[in-house]
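Quick notes on the structure that follows.
The values are calculated or read from the model by the stated rules, or taken from the named source; none is laboratory data. Note that this is a predicted model, so its numbers are computed, not measured. Cβ sites come from the backbone with ideal geometry, for glycine too, and all protein chains shown count toward neighbours.
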Amino acid sequence: MKNEDTRVQFTKKILKDALLKLLKTKPITRVTIKELCEEAGLNRGTFYLHYNEPNDLLREIEEEFVQEKMSFFNPYMKNDNPDQLAMLFGAILQNHELSLILFGHNGAPQFTERIKKLVRPRILEDWQREFPTYHPDDLEFVYDFVFSGAMKLILNWIADSGNISAEEFAHRLDCLGHYSHLAIKEFR
């Protein structure tokens, strides 16, 4: 039984590596099972033992990425500690190619939305506690703006191979996030 588990893990790794290689040159919507299996050197039957479509495989890769990276993000949210955020960005940069694929144009657009929904409640809760006079709808509006801008900056930073340190990048994003609420005062 244990050998079978090892074989399954090995097969999934081969499929993941093949998918990531294909995603360097084309979007997930254009990846076929046939070319994925050819790239992996496996037959279609083996693919179908584990997945129904390439998107299922990509979602598994995304889930592993989120589980690993959220271990850095959650302590930041609890303590508002930019050092934890810097550790998150350092880990993202260590996975440079994977990060470019997941956050970039060839990955699934739902991935960024998933991240957005994952961190939204905690950030909005913290902001509402910090600024109780602000209307929740206004905070949501600012969150959407800040998140979208942050994701674009993160993608650019990854693409530039971390042209500034993870610590400096974390500091800048932390500042932008903390001071974005000032715009709410001008809304009404």
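Here ILE164 clears all of (1) under 21 Å from the mean Cα position of the chain (by Cα); (2) touching a residue at least 24 places away in the same chain (Cβ under 8 Å) except the condition numbered (2).
The residue that is surrounded by the most Cβ atoms within 10 Å (Cβ to Cβ), among those in region 120-138 that are touching a helix residue (DSSP H, G or I) at 6+ places or on another chain (Cβ under 7 Å) and part of a helix (DSSP H, G or I), is TRP127. Pairs are defined by a Cβ separation below 7 Å, a sequence spacing of at least 6 or placement on different chains, a first member in region 21-33 that is outside the structural domain of ALA108 (by TED's automatic domain parsing), and a second member that is basic (Lys, Arg); the pairs so defined are ILE33/ARG44.
Of the residues making up region 109-119, just one is under 17 Å from GLU53 (Cα atoms) and either buried (at least 19 other Cβ atoms within 10 Å of the Cβ) or touching a strand residue (DSSP E or B) at 6+ places or on another chain (Cβ under 7 Å) (or both), namely PHE111.
Of all residues in region 84-108, those that are assigned to a helix (DSSP H, G or I) and either surrounded by 14 or more Cβ atoms within 10 Å (Cβ to Cβ) or without any contact (Cβ under 8 Å) to a residue 40 or more places away in the chain (or both) total 17.
Residues of region 20-41 being more than 18 Å from the chain's Cα centre (by Cα), part of a loop (DSSP other than H, G, I, E, B) and surrounded by fewer than 17 Cβ atoms within 10 Å (Cβ to Cβ), which ones? THR25, LYS26, THR32, GLY41, listed by residue number.
With respect to (1) surrounded by 13 or more Cβ atoms within 10 Å (Cβ to Cβ); (2) modelled with pLDDT of 95 or more, the lone exception for ILE61 is condition (2). Among residues that are without any contact (Cβ under 8 Å) to a residue 60 or more places away in the chain, more than 23 Å from PHE103 (Cα to Cα) and in contact with a helix residue (DSSP H, G or I) (Cβ under 6 Å, 6 or more places away or on another chain), PHE10 is not included.
Here's the yes/no breakdown for (1) at pLDDT 85 or above; (2) outside the structural domain of LYS69 (by TED's automatic domain parsing); (3) more than 17 Å from ALA91 (Cβ to Cβ):
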site: LYS116; (1), (2), (3): yes, no, yes
site: VAL119; (1), (2), (3): no, no, no
site: GLU125; (1), (2), (3): yes, no, yes
site: THR133; (1), (2), (3): yes, no, yes
site: ASP137; (1), (2), (3): yes, no, yes
site: VAL142; (1), (2), (3): yes, no, yes
site: GLY149; (1), (2), (3): yes, no, yes
site: LYS152; (1), (2), (3): yes, no, yes
site: ALA170; (1), (2), (3): yes, no, no
